[in-house]
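Asks: Here's a structure for you.
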Amino acid sequence: MDNATVGATSEIEFASLAQVGVAVEVTPKLVVEVDAVQMGWSVFDQLIITAENPAFTDTLPENYDDALSFRLGVEYDLSDKLVLRGDYVRDTAPGPDETLGPILPDADRNGISVGAGWEFMPCTTLDIGYLIMMFEDRSTNGKSLMGFNGTYKNTAHLFGINISKQL
């Protein structure tokens, strides 16, 4: 079969976001923050792909729901030059079982992160962090609209490093 290019377009309305949080300085060295985030994913009800060749035009149902997440973070100043951080997040998946698939095998999840910031030169900071996202096993329960029936199991390990300089 020859590879061919087919021009296509699509538009996606992105979710609205409402977030509220509060940070409390428990001691001069310890700050605790709590956040709640509401994502308006219900606007993502379908994905319309319009192709130059009508045979490739398609409408994919998505039927997302709004999703809520909660976060708890702590920051501790170990010294004038070193800050330690930790975080917990509980996040809910917006997509229904019917649209779950290998492209976006989303599920409710818990995340834990740790990190540190080190001012190693005047006004220059090195930040490092690690996040593990532990997704709950999720099954299509035989309802997949695209034929991707199965149970999806995921874990994500994310590492980050940043160097910043204040001018």
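Asks: Among the strands (runs of 3 or more DSSP E) contained in region 1-110, which hold 3 or more residues that are farther than 26 Å from LEU131 by Cβ?
Replies: On the way: elements: 8-10, 16-27, 30-40, 46-51, 58-61, 67-77, 82-91.
Answer list for region 1-110: 8-10, 46-51, 58-61.
Asks: Is there a residue in region 73-85 that is farther than 23 Å from ALA15 by Cβ, under 17 Å from the mean Cα position of the chain (by Cα) and without any contact (Cβ under 8 Å) to a residue 24 or more places away in the chain? I'd like the intermediate steps shown before the answer.
Replies: Step one: filter region 73-85 for residues farther than 23 Å from ALA15 by Cβ, giving 74-85.
Narrowing further to those that are under 17 Å from the mean Cα position of the chain (by Cα): none.
No; the residues of region 73-85 include none that is farther than 23 Å from ALA15 by Cβ, under 17 Å from the mean Cα position of the chain (by Cα) and without any contact (Cβ under 8 Å) to a residue 24 or more places away in the chain.
Asks: I would also like to ask the following. Quick one: in region 129-162, of everything that is loosely packed, with under 11 Cβ neighbours inside 10 Å and of a type in the set (Val, Ile, Thr), which residue is nearest to the chain's Cα centre (by Cα)?
Replies: Checked region 129-162; the qualifying residue nearest to the chain's Cα centre (by Cα) is THR155.
Asks: Would you check if VAL26 is on the phi < 0 side of the Ramachandran plot, of a type in the set (A, V, I, L, M, F, W, C), free of Cβ contacts under 8 Å to residues at least 12 places away in the same chain and touching a strand residue (DSSP E or B) at 6+ places or on another chain (Cβ under 6 Å)?
Replies: In short, yes.
Asks: Can you confirm whether region 28-43 contains a residue that is exposed (fewer than 12 other Cβ atoms within 10 Å of the Cβ), within 29 Å of GLY117 (Cα to Cα) and more than 25 Å from the chain's Cα centre (by Cα)?
Replies: Residues of region 28-43 exposed (fewer than 12 other Cβ atoms within 10 Å of the Cβ): 28.
Filter once more, so that each one left must be within 29 Å of GLY117 (Cα to Cα): 28.
Going one step further and asking which of them are more than 25 Å from the chain's Cα centre (by Cα), we end up with 28.
Yes, region 28-43 has at least one match.
Asks: Keeping to region 85-105, report how many residues are closer than 15 Å to ASN141 by Cβ and charged (D, E, K, R). Working first, answer last.
Replies: Initial filter on region 85-105 (closer than 15 Å to ASN141 by Cβ): 93, 95-101, 105.
Narrowing the set further to residues that are charged (D, E, K, R) leaves 97-98.
So the count comes out to 2.
Asks: Can we say SER113 is modelled with pLDDT of 95 or more and among the hydroxyl-bearing types (Ser, Thr, Tyr)? Step through it out loud before you land on a result.
Replies: On the way: modelled with pLDDT of 95 or more: yes; among the hydroxyl-bearing types (Ser, Thr, Tyr): yes.
Criteria met by SER113.
Asks: Next question. Since MET133 meets every condition but one in (1) at pLDDT below 95; (2) in a strand (DSSP E or B); (3) among the hydrophobic types (A, V, I, L, M, F, W, C), which condition does it not meet?
Replies: The one condition MET133 does not meet is (1).
Asks: Regarding THR50, is this residue touching a strand residue (DSSP E or B) at 6+ places or on another chain (Cβ under 9 Å) and either surrounded by 11 or more Cβ atoms within 10 Å (Cβ to Cβ) or farther than 29 Å from GLU98 by Cβ (or both)?
Replies: Details: touching a strand residue (DSSP E or B) at 6+ places or on another chain (Cβ under 9 Å): yes; either surrounded by 11 or more Cβ atoms within 10 Å (Cβ to Cβ) or farther than 29 Å from GLU98 by Cβ (or both): yes.
For THR50, the condition - touching a strand residue (DSSP E or B) at 6+ places or on another chain (Cβ under 9 Å) and either surrounded by 11 or more Cβ atoms within 10 Å (Cβ to Cβ) or farther than 29 Å from GLU98 by Cβ (or both) - is met.
Asks: Which condition does ASN110 not pass, out of (1) within 13 Å of the chain's Cα centre (by Cα); (2) crowded, with 18+ Cβ neighbours inside 10 Å, if it passes all the others?
Replies: Going through (1) within 13 Å of the chain's Cα centre (by Cα); (2) crowded, with 18+ Cβ neighbours inside 10 Å one by one, ASN110 breaks only (2).
Asks: Does region 84-91 contain any residue that is within 30 Å of PHE148 (Cβ to Cβ) and crowded, with 18+ Cβ neighbours inside 10 Å? Spell out the reasoning first.
Replies: Initially, region 84-91 is screened for residues within 30 Å of PHE148 (Cβ to Cβ), giving 89-91.
Narrowing further to those that are crowded, with 18+ Cβ neighbours inside 10 Å: 89, 91.
Yes, that holds for at least one residue.
The values are calculated or read from the model by the stated rules, or taken from the named source; none is laboratory data. Computed from a predicted model, the values in this text were never measured in an experiment. Cβ sites come from the backbone with ideal geometry, for glycine too, and all protein chains shown count toward neighbours.
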